[in-house]
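Written below as structure tokens is the structure these notes are about.
The values are calculated or read from the model by the stated rules, or taken from the named source; none is laboratory data. Computed from a prediction, not measured in an experiment: that's the story for all the values here. So basically every Cβ, Gly included, is an ideal-geometry build from the backbone, and we count neighbours across all protein chains shown. Protein only, heavy atoms only, side chains kept; ligands, DNA and RNA dropped before computing areas. Shrake-Rupley method; radii C 1.70, N 1.55, O 1.52, S 1.80 Å.
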Amino acid sequence: MEVITAKSAGFCFGVKRAVEKVYEVADRKNDPVYTYGPIIHNEEVVKDLEKKGVSVLETEEELKNLTEGTVIIRSHGVPRRIYNQIREQGLDYVDVTCPFVLKIHRIVERESKAGRHIVIIGNRTHPEVEGIRGWCEGPSTVIRTKEEAEEFLKNPPEKVCIVSQTTFNYKNFQELVEILAKKRYDRLVLNTICNATNERQAEAAEIAKTVDAMIVIGGRHSSNTQKLFEICSGECKNTYYIQTLADLDSDRFQSIQCVGITAGASTPNKIIEEVSKHVRIKF
């Protein structure tokens, strides 16, 4: 069997930087270490860090109850109020917010101060989007679907700044921006989808077009992996979403000649290599 593994599969720059930093802090700190939310959307990495004594704070209430320790701000970023809360409590913190996300924070802070209504193309429940909204000085709206874009146009503000969640599907971003351009109003559109996401999605689509089956590896809660699955499913009907090798149903690949493999930005290379090796040997 031929196996084609995407070159862009696995940790992106921001995730790699964040994960390495957490391990570094865990190894040198004697006091408790926490991450505000899972450091990345990958259960295997989170479990391994737990073994090293790194706990996950799931809510602001849990953060408020801390009296000591170091808090690591994850790659998704957090609202401004979380920084303020950490400082007020006198806790140490390490900020590993992805630089591309930090750039969006600066944009929405600046443009909202200038009087623009901020529109974020993305998933309103995703931690990155929640963090971005937390840097807006005025009103903001999150739009994910065409219906939501049409609804926004019924009474658009005079001045708008449009940004995107870094891991949003680029094609869908373009479609939503086209809808938002139907009416004449002062709008500033900034494509803040990171280059790594664009490259990963484009490569995954190209591979999916040429193979008999496609395997997408990543955490179930990983937004960018979900987008990869959507894209690959559109090009290859035999597309499968797994978190680890244990989720792979081998029976589905008995008569397959060529398999493509890609993975989300939160997937360790170890897992990708395990799946690739298994497919090559078994089939």
Quiz item: Counting only residues that are free of Cβ contacts under 8 Å to residues at least 40 places away in the same chain and in contact with a Leu (Cβ under 6 Å, 6 or more places away or on another chain), which one in the range 259-282 is farthest from Q243 (Cα to Cα)?
Solution: H278
Quiz item: What strands (runs of 3 or more DSSP E) lie completely within the range 170-283 and have 3 or more residues being open to solvent by less than 50 Å² (accessible area, probe 1.4 Å)?
Solution: 213-217, 239-242, 258-263
Exercise. Scan the range 144-155 and give yes if some residue there is in contact with an Asp or Glu (Cβ under 8 Å, 6 or more places away or on another chain), open to solvent by 20 Å² or more (accessible area, probe 1.4 Å), touching a residue at least 24 places away in the same chain (Cβ under 8 Å) and part of a loop (DSSP other than H, G, I, E, B), otherwise no.
Key: no
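I'd like to verify a number: residues in the range 86-104 that are part of a helix (DSSP H, G or I), closer than 13 Å to Y34 by Cβ and not aliphatic (A, V, I, L, M), how many?
From the range 86-104, those part of a helix (DSSP H, G or I) are 86-88, 99-104; that's our starting set.
Then keep just the ones that are closer than 13 Å to Y34 by Cβ; that gives 86.
Among the residues that remain, those that are also not aliphatic (A, V, I, L, M) are: none.
Within the range 86-104, residues that are part of a helix (DSSP H, G or I), closer than 13 Å to Y34 by Cβ and not aliphatic (A, V, I, L, M) number 0.
For S55, are the conditions met, namely being in contact with a strand residue (DSSP E or B) (Cβ under 7 Å, 6 or more places away or on another chain), not in a helix (DSSP H, G or I) and not β-branched (V, I, T)?
Yes; evaluated as a whole, the condition is true for this residue.
Against the definition (among the polar types (S, T, N, Q) and in contact with a His (Cβ under 9 Å, 6 or more places away or on another chain)), how does T70 come out, yes or no?
So T70 fails the test.
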Quiz item: Which one of these does P38 not meet: (1) open to solvent by 50 Å² or more (accessible area, probe 1.4 Å); (2) under 28 Å from R200 (Cα atoms)?
Solution: (1)
Quiz item: Can you find even one residue in the range 256-265 that is at pLDDT 90 or above, among the hydroxyl-bearing types (S, T, Y) and under 30 Å from I39 (Cβ atoms)?
Solution: yes
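Quick check, is E111 assigned to a helix (DSSP H, G or I), crowded, with 20+ Cβ neighbours inside 10 Å, over 20 Å from the mean Cα position of the chain (by Cα) and not β-branched (V, I, T)?
Yes: the conditions hold for E111.
Given I118, I132, which one is in contact with a strand residue (DSSP E or B) (Cβ under 9 Å, 6 or more places away or on another chain), assigned to a helix (DSSP H, G or I) and open to solvent by less than 10 Å² (accessible area, probe 1.4 Å)? Spell out the reasoning first.
On the way: I118 fails: assigned to a helix (DSSP H, G or I).
Result: I132 is the single residue among I118, I132 that is in contact with a strand residue (DSSP E or B) (Cβ under 9 Å, 6 or more places away or on another chain), assigned to a helix (DSSP H, G or I) and open to solvent by less than 10 Å² (accessible area, probe 1.4 Å).
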Exercise. Taking only the range 82-94 into account, find how many residues are out of contact with any helix residue (DSSP H, G or I) (no Cβ under 8 Å at 6 or more places or on another chain), open to solvent by 20 Å² or more (accessible area, probe 1.4 Å) and within 19 Å of E130 (Cα to Cα).
Key: 1
